[in-house]
Amino acid sequence: FLKRKSETADSTADPITQVEPVLTAESSKTDSSELSERQLLAVARSFAVRKLGLSRKPSGAARRMMQQQGFSSAIIEAVITSLIEDQYLDDKRIATSRTRNRLGAKAESAHRTAQRLQQLGLSDDSIEAALDSRPPDDELALQALKAKFDHHFSAGFAAVSPELLARMRRFLFSR
């Protein structure tokens, strides 16, 4: 029930002002306050879907994008819920994928991985679920050390020089 105004409209203009209501027989029966909220919800959802595109984005990114456009918190939460139900947003999938990418040579501690996922704007539940499915930190540290310093492990830890041990410590602290 929404129709875009002329195609010559400024693309940087507010998305709310770029649409005009087209009343149908069904929508004209509702009261005007409900209609305007429905219209606003439709505009916000249309805006979010258009900006999200085909790639999977975290819900936090969609939320920030709509906040920058000036949508109210209630409208944003309704749109986010709708987009999650329609699988446009899937925080668990993104968190699992990003966590899986941080194994082996790129291994990080659970704390660092959680920080990275929070910066993306993923929900706390999805972060926790992704971290539960990964190996413990000590196993990941050993994987990272073997990937980085593989040629030094052939003789075992006893033959490692103090300088190399210091490099290994610094490497692990960065993770």
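The values are calculated or read from the model by the stated rules, or taken from the named source; none is laboratory data. Quantities reported herein were computed from a predicted structural model and do not represent experimental measurements. So basically every Cβ, Gly included, is an ideal-geometry build from the backbone, and we count neighbours across all protein chains shown. Remember, those area values only see protein heavy atoms, side chains included, never the ligands or the DNA or RNA. Shrake-Rupley method; radii C 1.70, N 1.55, O 1.52, S 1.80 Å.
Could you tell me whether any residue of the range 135-150 is free of Cβ contacts under 8 Å to residues at least 24 places away in the same chain, farther than 29 Å from F171 by Cβ and not hydroxyl-bearing (S, T, Y)? Step through it out loud before you land on a result.
If we filter the range 135-150 for residues that are free of Cβ contacts under 8 Å to residues at least 24 places away in the same chain, which is where we start, we get 136, 138-139, 142, 146, 149-150.
Add one more test, that the residue is farther than 29 Å from F171 by Cβ, and what stays is none.
Checked against the condition, which is being free of Cβ contacts under 8 Å to residues at least 24 places away in the same chain, farther than 29 Å from F171 by Cβ and not hydroxyl-bearing (S, T, Y), the range 135-150 yields no hits at all.
Scanning for something assigned to a helix (DSSP H, G or I), at pLDDT 85 or above and open to solvent by less than 50 Å² (accessible area, probe 1.4 Å), does the range 147-155 turn up at least one residue?
Scanning the range 147-155 turns up no residue that is assigned to a helix (DSSP H, G or I), at pLDDT 85 or above and open to solvent by less than 50 Å² (accessible area, probe 1.4 Å).
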Pair list, Cβ under 6 Å, 6 or more apart: the range 101-118 residue within 11 Å of Q143 (Cβ to Cβ), other residue among the small types (G, A, S) and surrounded by fewer than 14 Cβ atoms within 10 Å (Cβ to Cβ): G104/A147; A105/A147
Top-ranked residue of the range 45-91 - restricted to ones that are closer than 17 Å to L120 by Cα and β-branched (V, I, T), ranked as most open to solvent (accessible area, probe 1.4 Å): I84
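On the given criteria, is R45 under 18 Å from the mean Cα position of the chain (by Cα) and of a type in the set (D, E, K, R)?
Yes.
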Matching residues in the range 55-87 - criterion: being closer than 15 Å to A42 by Cβ and not aliphatic (A, V, I, L, M): Q69, F71, S72, T81, S82, D86
Failed item in (1) at pLDDT 90 or above; (2) under 18 Å from R175 (Cα atoms), with D125 passing the rest: (2)
